[in-house]
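This report refers to the structure that appears directly beneath it.
The values are calculated or read from the model by the stated rules, or taken from the named source; none is laboratory data. Since the model is a prediction, treat every value here as computed from it, not as a measurement. Glycine gets a Cβ as well: all are built from the backbone with ideal geometry, and neighbour counts include every protein chain shown. Areas reflect the complete protein model, heavy atoms only, side chains present, ligands, DNA and RNA absent. Shrake-Rupley method; radii C 1.70, N 1.55, O 1.52, S 1.80 Å.
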Amino acid sequence: MTTKEVPASLDRISIPPSAFDWLFEHGRGDDDTLPLVQIESPDTISVQNYVGVIETPCGTQIEILPKHTSDENDAGVARRLLITMITESMKITPRRAPNAEIAAFNLPMTEWLASAFLDEASELVRRGLRSGYTTFETREPFLRGKLDVARQISATGGLHRFSIRFNEFSLNRPENRILRSAVEHVARRTKSDQNWRRARELSILLGDVPVSNDIPSDLGSWEQSRQLADYIQIRPLCDLLLSNRLPFAVAGNHRGASMLFPMERLFERYVFSSLKSQVPAGVQVLWQSHDKYLCALDAEGWFRMKPDIVVIDGTRTWVFDAKWKRLTSSRKGYFGLDQSDFYQLFAYGQKYMAGAGDMFLIYPAVPNFPVFAEPFELTKDLRLHVLPFDLYTRDAPMWHSVICQPHCNE
């Protein structure tokens with residue numbers, strides 16, 4: 001991103017000085033967060049680690065899309081890929097395709113999210129919202145529900161009023177308050193006429209439900225029960241809309257339409273869900289198994305291990321690790337491979353696979369992806385395969401032949 005006038009592309013975009021200054025000041029990360037931007041020159045900053053949408057206090061909305069090949073410049077294709085990865089990661093299944101412009105992914109990701117949320121909210125309202133009991137504590141001139149004796153005795157003044165506690169069966173429950181808040185959020189933020197109209201219609205239908213005064217608390221109180229099975233799909237959408245997933249602190253009370261995701265984590269989850277959907281029945285695919293430690297002291301485990309993916313088929317085990325990084329064809333620079341990743345995989349192989357078998361290190365497929373005729377030999381019995389993962393076909397060579405071989409003739 002630069003303050004210079006440049007043609008817009010997936011690589012470069014012009015932003016106003018006010019947005020540049022704000023990102024320069026607040027996007028460099030700290031001890032607890034990865035940086036969003038890196039300073040390239042006095043008038044240019046580059047975005048790293050995160051993808052999504054961020055809105056600066058001056059109203060500039062910046063969409064950051066994944067780009068894993070140098071010749072990729074179609075924003076619609078990149079946006080479609082990002083939305084697929086986000087929905088996979090958060091287990092969101094949109095009910096139907098939105099309007100033609102949004103379905104073609106020509107609008108920012110936030111409009112697609114708003115449309116998907118409105119689809120789900122409309123279906124939920126059509127089926128009927130769930131009511132629940134809400135406890136109220138108040139003082140009234142009449143007795144209702146249960147008298148709170150302790151509060152009544154300690155009350156000073158107004159002794160003609162009763163301190164009472166009662167339950168009221170109504171739509172005023174955390175899930176519905178979050179739903180109403182998300183509808184109002186869309187109505188305020190959307191730039192799509194159709195989304196605004198649908199949000200206003202839903203706002204009227206939800207008129208008996210108050211907005212949430214404490215969104216984190218209400219999200220934490222979201223009930224997971226059979227009674228609320230119809231609410232399962234809409235919860236992650238509400239979370240995305242209301243959480244403002246900024247990876248760094250912002251100045252003042254600014255709360256823009258920001259929604260940023262660490263690309264490394266999205267890629268890991270995308271590889272996991274792709275692999276899980278392709279393995280034969282009966283094969284377990286575990287996400288970040290964390291039941292083993294690197295070492296122990298006095299029978300106490302130290303340094304918990306957490307590989308991205310562990311696949312188990314009977315007595316056989318495989319470990320997968322996914323890295324969002326573009327490898328090169330230059331052997332001189334070790335093709336872009338990191339020594340620390342190999343150390344990490346070697347440790348996983350000892351603890352999860354007893355030092356024998358096949359392991360996989362997965363990177364996004366690129367045109368100049370290095371060709372390895374053989375796997376890396378970590379030990380005589382432990383092999384590490386470095387494989388390209390096709391983001392569109394959601395497949396990597398060889399993992400089928402290794403994992404599915406015993407099932408081929410079944």
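Some observations on this one:
- Förster radius 22 Å - calculated FRET efficiency between Q194 and T84 (Cβ-Cβ, nearest 0.05): 0.45
- Average silhouette area of the range 294-360, convex hull of alpha-carbon atoms, in square nanometres: 5.9
- In the context of the full set of protein chains, the chain has a per residue accessible area of 53 Å² (1.4 Å probe).
- Summarising the amide proton neighbourhood of Q288: residues at separation of 5 or more, or on other chains, whose placed amide H is nearer than 5 Å comprise I309, V310.
- Flagged links, alpha-carbon separation over 28 Å, of K323/K380; K67/K380; K67/K292; K4/K91: K67/K380; K67/K292; K4/K91
- Couplings 3J(HN,Hα) of the range 212-226, computed from phi: 6, 8, 8, 4, x, 5, 5, 5, x, 8, 4, 7, 9, 8, 4 Hz, in residue order, whole Hz [Karplus 6.51 cos²θ - 1.76 cosθ + 1.60, θ = phi - 60°; x for Gly and Pro].
- For the pair D390 and Q61, label points projected 7 Å from Cα toward Cβ lie 3.4 nm apart.
- For the range 293-333: rounded, prolate or oblate by the Cα gyration tensor [a/c cutoff 1.5]: oblate
- Integer Hz, Karplus 6.51/-1.76/1.60 couplings in order for the range 285-298, x for Gly and Pro: 10, 9, 8, 6, 4, 9, 9, 10, 10, 5, 7, 9, 9, 6
- Net lengthening on full extension, S14/E40 (0.36 nm per residue, minus Cα-Cα): 7.9 nm
- Here the range 292-410 was treated as a single set of alpha-carbon atoms; its pair distances binned every 5 Å from 0 give 2, 10, 20, 22, 20, 14, 7, 4, 2, 0, 0 percent.
- Relative contact order [Cα under 8 Å, 6+ residues apart], the chain, whole percent: 12
- Calculated FRET efficiency for the pair S122/R316, C-beta based, R₀ 56 Å, to 0.05: 0.75
- Pairwise centroid distance, computed over Cα atoms, of the range 189-231 with the range 285-300, Å: 40
- Cα-based shape type of the range 266-331, given that a ≥ b ≥ c are square roots of the gyration tensor eigenvalues and the cut on a/c is 1.5: oblate
- Projecting the Cα atoms of T393, I83, L113 onto the charge dipole of the chain (Cβ charges, centred on the Cα centre) puts L113 farthest toward the positive pole.
- Between A373 and D338, the simple label model (points 7 Å from Cα in the Cβ direction) yields a spacing of 3.0 nm.
- Carbon and sulfur %, accessible surface of the chain computed with the full protein complex present, 1.4 Å: 51
- Packing around the peptides 200-213, 74-87, taken as the average count of other Cβ atoms within 10 Å per residue, puts them in this order, highest first: 74-87, 200-213.
- The range 138-221: C-alpha gyration tensor shape, a/c 1.5 cut-off, then a/b vs b/c: prolate
- Which label in (i) 87, 61, 45; (ii) 54, 51, 45; (iii) 57, 53, 50 gives the computed Cα extents along the principal axes in Å: (i)
- For the peptides 381-392, 47-58, the ranking by packing is 47-58, 381-392, with the highest mean count of neighbouring Cβ atoms within 10 Å listed first.
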